[in-house]
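Notes to accompany the following structure.
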Amino acid sequence: QFPFGRRLPCDIYWHGVSFHDNNIFSGQVNKFPGSMMETVRKITLSRAMRTMQDLFPLEYNFYPRSWILPEELPLFVAEVRVMKDSDPSWKPTFIVKPDGGCQGDGIYLIKDPSDIRLTGSIHSRPAVVQEYICKPLLVDKLKFDIRLYVLLKSLEPLEIYIAKDGLSRFCTEPYQEPTLKNLHQVFMHLTNYSLNIHSENFIHSDSVNTGSKRTFSSILCRLSSRGADVKKLWSDIISLVIKTIIALTPELKVYYQSDIPSGKPGPTCFQILGFDILLMKNLKPILLEVNANPSMRIEHEQELSPGVFENVPSPVDEEVKVAVIRDTLRLVDPQKKKRKDAQSRCFVARGVRVGGGWRGLSSAPSPPGPSVMLCRRCPRLEHVPESSESLPDAVPEPEAARSPEAGLPSLCLKQVFPKYAKQFSYLRLVDRVAALFIRFLGVKGTTKLGPTGFRTFVRNCKLSNSNFSMAAVDILYIDITRRWNSMGIDHKESGMCLQAFVEAFFCLAQKKYKSLPLHEQVLSLIEFCECHLAALDEKRLVWGWG
C-alpha cells in the first residue's frame, strides 16, 4: 500500500475510492479518472436514461419514471395531476433520493408531490424523485434487491463482463404496499444493507441460502424450483446491464478524453460497478441505481458489548466478492501475452502471492489506505526482492503448476459485450453524437464546446441553409447552453456540455427530418453529418498530398 502514491511504474494500480493521479503514464488503473463517480450519480444517470427513453421508450422501460428536483418540480406536479385526472383510480407512491446520497441516506417516500420536503436543502442538495415499485417480488414475505457486479473492462472498444453470482439484500420487516401509515417504515420499504443492519430483525447467517443477505444464485434456485423461467430472467438482466452501460458511455468518453487525451502517454482503465436491481412480481428486472464504488468488504461488525465491536467474516460476501476481484485480475493480467516472463513477474493481492501458482485472495481484512499497487516482482508486501529468482529455496515446478491459471476455478465473470454487440449496436446513437461532440471540442482536455466549435460543427456538416441561418445557430447555442448552465451543471468551464449538445442535436434532427420518429431523425442526421465529415477528411488528405 502506498498512501501517498508510487512513482515507480506498476502493471496494475488498485485505487480505493477514485483515480486522480496525473503522474501515472502506463499500466492499468481500476478506476476511470474522476468521471465515473459523476456519471453514475442519481441525477446524471436519470438524465442519461431519459435521453435513451426518448429515443427507445420500449427498450428502456426498465428504469422508473423520474423527475429532477428542484428544477423539474413544477413539471412533476403538473404531470402527476394530469395522470390522476385521466385515471382517478391511480394512487401512486414516489420515492425521493438525494443526488449525492448513499447507503439510504436522506431517502423517503411520499404519496403526493405536495409532500416533498421543500426546505433549503433541496436547493443545496438536489434530488431525484421516482415512481416507487409497489409490487416487488417477495421471498419469505420480504422485499429484497440484487447487487450484481459488472466489470467495465474497456471503453474503446466497449467490453463488459457480468459476475455469474451476486448478493440478495433483504428488508427486515414483512412487506406491505405503501400506505400513509407505513410510508416511514424504512425496514419494510428500503433494501439498503447499511439501514437494515441496524434492525433487531437483521439475521447474520453462515449459510448463503438464509439470513438477511444471501447469494443471488440461492434465490434463482428457489425460483427455478417453483417453475420460473430463470434463463429468461438472466437474459433480461444482461440486456438491462448492456443498455445501461450504453446510456452511460457517451459521457464517460468525453471525460476520459479530457483526463487521458489520445496520443499522450497514460494508463488504460477498468472498473467494477455495482448494479442494484429490483425484481417485480412478474420477474421483470428494474434498475434502481449504479454504484461506482461498490463495497468489497467481506466481513461485518458485530457488537460484543455496548460500544465494543469486532469484525466477523461474512461467508456470503466472501463467496461473491473474492471471486469478482480474483477474476478481474485474471482478465486484466498484463502477463497473458507474455507467458515466457510469467516466472519472473507476479502480482500481490492482500498479502497473498498470485502468479506462478495463483492461490486466490486472502480473507484477512486489508489495512486502510487509498490505493494498492499491484506491481511487478512483488512476491510479498513486506519484502520486495529485486526479482523472483532471489526467493530462497526456489524449487522448479511442473509446467502446469507454473501457469498462473493452474488450479483456479472457471471465471465467474461472463463477457456480454462485444459478445452480444449485434443485438444492441442500433442503440448506440448517442455514442455517435458524442464522437461528433469530441471532434469539435478543439482544445484537448476540455469537456465543453464553445460557440466557435458549435458553429464549425454546423458549417462543416452543412446544416445551415436559408431556413436555418448562422444567426439562428447562435441563438440555439445560447438558449440551450444558458439553460443547462442554470441547472448547476459543472461551472468549472464555460460552454456547452455533452447533454446540452445532445439536446441541440435532437433539435436539429427534428427540424431537418420532420416526418420521422425521433430515433430515425437522429440516425438520419448522424449519417448525414458523418458523410459530410468523411468527404471533408478525404479532401484534406488529398490537399495534404498535393
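The values are calculated or read from the model by the stated rules, or taken from the named source; none is laboratory data. Everything numeric in this text was worked out from a predicted model, so none of it was measured. With ideal geometry, Cβ positions are generated from the backbone for all residues, glycine too; neighbour counts draw on all protein chains shown. Accessible surface areas use protein heavy atoms only, side chains included; no ligands, DNA or RNA. Shrake-Rupley method; radii C 1.70, N 1.55, O 1.52, S 1.80 Å.
Structural remarks
- Estimated distance in nm for a label pair at Arg117 and Leu331, the labels positioned 7 Å out from Cα along Cα-to-Cβ: 3.8
- The largest accessible area among Val458, Val77 belongs to the first residue in Val77, Val458, and the rest follow in falling order (1.4 Å probe, all chains).
- When the residues Trp484, Trp14 are ordered by accessible surface, computed with a 1.4 Å probe over the protein chains alone, the sequence from largest down reads Trp14, Trp484.
- Percent carbon-and-sulfur accessible area, segment 152-191, ignoring ligands, DNA and RNA, probe 1.4 Å: 56
- Equivalent ellipsoid semi-axes - Cα gyration tensor, segment 411-523, angstrom: 28, 20, 13
- Measuring only protein heavy atoms, the 1.4 Å probe finds Arg432 accessible over about 80 Å².
- Asp236 sits with roughly 50 Å² accessible to a 1.4 Å probe, with DNA, RNA and ligands left out of the calculation.
- Accessible carbon and sulfur surface of segment 44-107 relative to its total accessible area, %, 1.4 Å: 56
- A Förster radius of 56 Å, combined with the Cβ-Cβ distance separating Ser199 from Thr452, puts the computed FRET efficiency at roughly 0.45.
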